[in-house]
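Novice: Pasting a structure here, questions to come.
The values are calculated or read from the model by the stated rules, or taken from the named source; none is laboratory data. The shown structure was predicted, so the numbers you read here are calculated from the model rather than taken from an experiment. Methodologically, a virtual Cβ is constructed for each residue, glycine included, from the backbone with ideal geometry; neighbour enumeration extends over all protein chains shown. Accessible surface is based on the protein model in full, side chains and every heavy atom, while ligands, DNA and RNA are left aside. Shrake-Rupley method; radii C 1.70, N 1.55, O 1.52, S 1.80 Å.
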Amino acid sequence: MKILVANPRGFCAGVNMAIECLDETIRMFGSNIYVYHEIVHNKYVVERFQKQGVTFVNSVSEVPSGSLLLYSAHGVSPEIREQSRQRKLQTIDATCPLVTKVHLEAIKYAREGYHIILIGHEGHDEVIGTMGEAPASITLIEEPEDIEKLSFPPDAKLAYLTQTTLSVEEAGRVISALKQRFPKIESPPKEDICYATTNRQDAVKQLAQRSDIVIVVGSQNSSNSRRLQEIGALLGKPSHLIDGAQELQREWFQNVSTVLITAGASAPEVVVQDCIGWLSTEFGATAEEVTTREEHVSFPLPRELRALQTAKA
Ligand code: 0K2
Ligand code: SF4
């Protein structure tokens, strides 16, 4: 049995920054700290921090007044920032800069009098944060069918934005349908689906063809990881999204000679290596890393954390 290990896979620059940010905050202040939402959508990562004593909350009201609160990589709405101010919390913002880019686009379009069509998944942390920047000026759609329900005239002043972790192909279909209905609709010069999402999807598209089965390491609530599994399935390959090697089942691999392994942007490399280890032990599999694209992206720690580092030095 052969394992193709997709590269790029796993942690993106935004996730690396957010995790480093939380690690550094723990080093500086101890682990009696709070994080608004899961720092990234990954069970292994969240449990690791919980074991260290970090508390994850879904509401600012759960955070004791005066505490330290980190915002997750997926971003937050201005309302959450205001609630934190009112509770006199010290905050550190681990939002990925590529999510912030979408927030700034929403603010800009709303100020210029555009109505924004946001393409994304209802209820997702990132979508809630982005919509909160201009709630009266944003309408969320998920699929081409939603466009029929829009009642704007064809010449309305419209712009579209997207969630950063969508399927490139599915989003492309929604965008074409939007442009057909609203030919003058505007969009930012650089698209919102991020480099990491695009590159991980491209790798699966290229490598799934050479594989009999696709294993995606990632959590069920991770949008970008789910998209990788869907792409494998759309290419006709049995595709499984798993949190860890303990979920691998021997019967998945009967008559399989090539396994593709990849990982979502929030899934740690140690879990990928566990899966490779399991396949080597169970089936004598050998791994080959296949690089479809080099990535050289990194983001600095949030300004407020760097300022605290300087103040402590
Ligand atoms: O893919 P998701 O947006 O659900 O988020 P994660 O699985 O946490 O991946 C990191 C991306 C965070 C922001 O874009
Ligand atoms: Fe940022 Fe993209 Fe990673 Fe999300 S997936 S954290 S937008 S780099």
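Novice: What is the Cα convex hull volume of the chain when expressed per residue in Å³?
Specialist: 147 Å³
Novice: Highest mean first, how do 34-41, 261-268, 119-126, 93-100 rank when packing is the count of other Cβ atoms within 10 Å averaged over residues?
Specialist: Working: 34-41: 24.5, 261-268: 28.0, 119-126: 17.9, 93-100: 21.5.
Packing proxy ranking, top to bottom: 261-268, 34-41, 93-100, 119-126.
Novice: Across the stretch 260-266, in residue order, what do the Karplus-derived ³J(HN,Hα) couplings come to in whole Hz, using 6.51 cos²θ - 1.76 cosθ + 1.60 with θ = phi - 60° and x for Gly and Pro?
Specialist: With coefficients 6.51, -1.76 and 1.60, one gets 9, 10, 9, 8, x, 5, 10 Hz.
Novice: Here's a follow-up. Taking amide H positions as placed in the peptide plane 1.01 Å from N, state which residues far from Ile141 in sequence (5 or more) or on other chains have amide H under 5 Å from it.
Specialist: Placed amide hydrogens put Leu118, Ile119, Gly120 under 5 Å from Ile141.
Novice: Oh, and also: Non-local amide H neighbours of Ile92 (under 5 Å, H modeled in plane, Pro and chain starts lacking H): which ones?
Specialist: Leu69, Leu70, Tyr71
Novice: Now a separate question. Could you go through the stretch 200-211 in sequence order and give the Karplus-derived ³J(HN,Hα) for each residue, using 6.51 cos²θ - 1.76 cosθ + 1.60 with θ = phi - 60°, rounded to whole Hz, and x for Gly and Pro?
Specialist: Each residue's phi maps through the Karplus curve to give 5, 5, 4, 4, 5, 4, 6, 8, 4, 4, 8, 10 Hz.
Novice: Something else now. Using alpha carbon centroids, what distance separates the stretch 23-69 and the stretch 120-134, in Å?
Specialist: About 21 Å separates the Cα centre of the stretch 23-69 from the one of the stretch 120-134.
Novice: What are the ³J(HN,Hα) couplings of the stretch 69-78, residue after residue, when phi is run through the Karplus curve with 6.51, -1.76, 1.60 and θ = phi - 60°? Round to Hz, x for glycine and proline.
Specialist: Karplus values, whole Hz, x for Gly and Pro: 10, 9, 8, 6, 4, 7, x, 9, 7, x.
Novice: For the stretch 98-181, divide the Cα radius of gyration by the Kirkwood radius and give the resulting Rg/Rh value with two decimals.
Specialist: Looking at the stretch 98-181, the ratio lands at 0.93.
Novice: Sorted by average packing, counted as other Cβ atoms within 10 angstrom per residue and highest first, what order do 65-75, 280-290, 297-307 take? Mind showing how you got there, number by number?
Specialist: Working: 65-75: 21.3, 280-290: 12.8, 297-307: 14.5.
With the highest mean Cβ count within 10 Å placed first, the list reads 65-75, 297-307, 280-290.
Novice: Using bins 10 angstrom wide from zero, how does P(r) for the stretch 244-313 break down, in % of all Cα pairs?
Specialist: Result, from short to long distances: 14, 35, 20, 15, 11, 3, 0 percent.
Novice: Report the residues of the stretch 187-219 in range of a label on Ser176: point 7 Å along Cα→C-beta, backbone N strictly under 19 Å from it.
Specialist: Residues passing the 19 Å test: 187, 191-193, 202, 205.
Novice: Further question: Using only Cα atoms, figure out Rg for the stretch 1-140 and give it as a multiple of 2.2 N^0.38 Å.
Specialist: 1.16
Novice: Leaving out ligands and nucleic acids, note down the accessible area per residue over the stretch 98-181 with a 1.4 angstrom probe, in whole Å². Write down the numbers at each step before the final one.
Specialist: Details: 3920 Å² over 84 residues.
Using a 1.4 Å probe on heavy atoms only, each residue of the stretch 98-181 averages 47 Å².
Novice: Near the amide H of Asp192, under 5 Å away, which other amide H atoms are found, from residues 5 or more places off or on another chain, if H is placed in the peptide plane?
Specialist: Thr162
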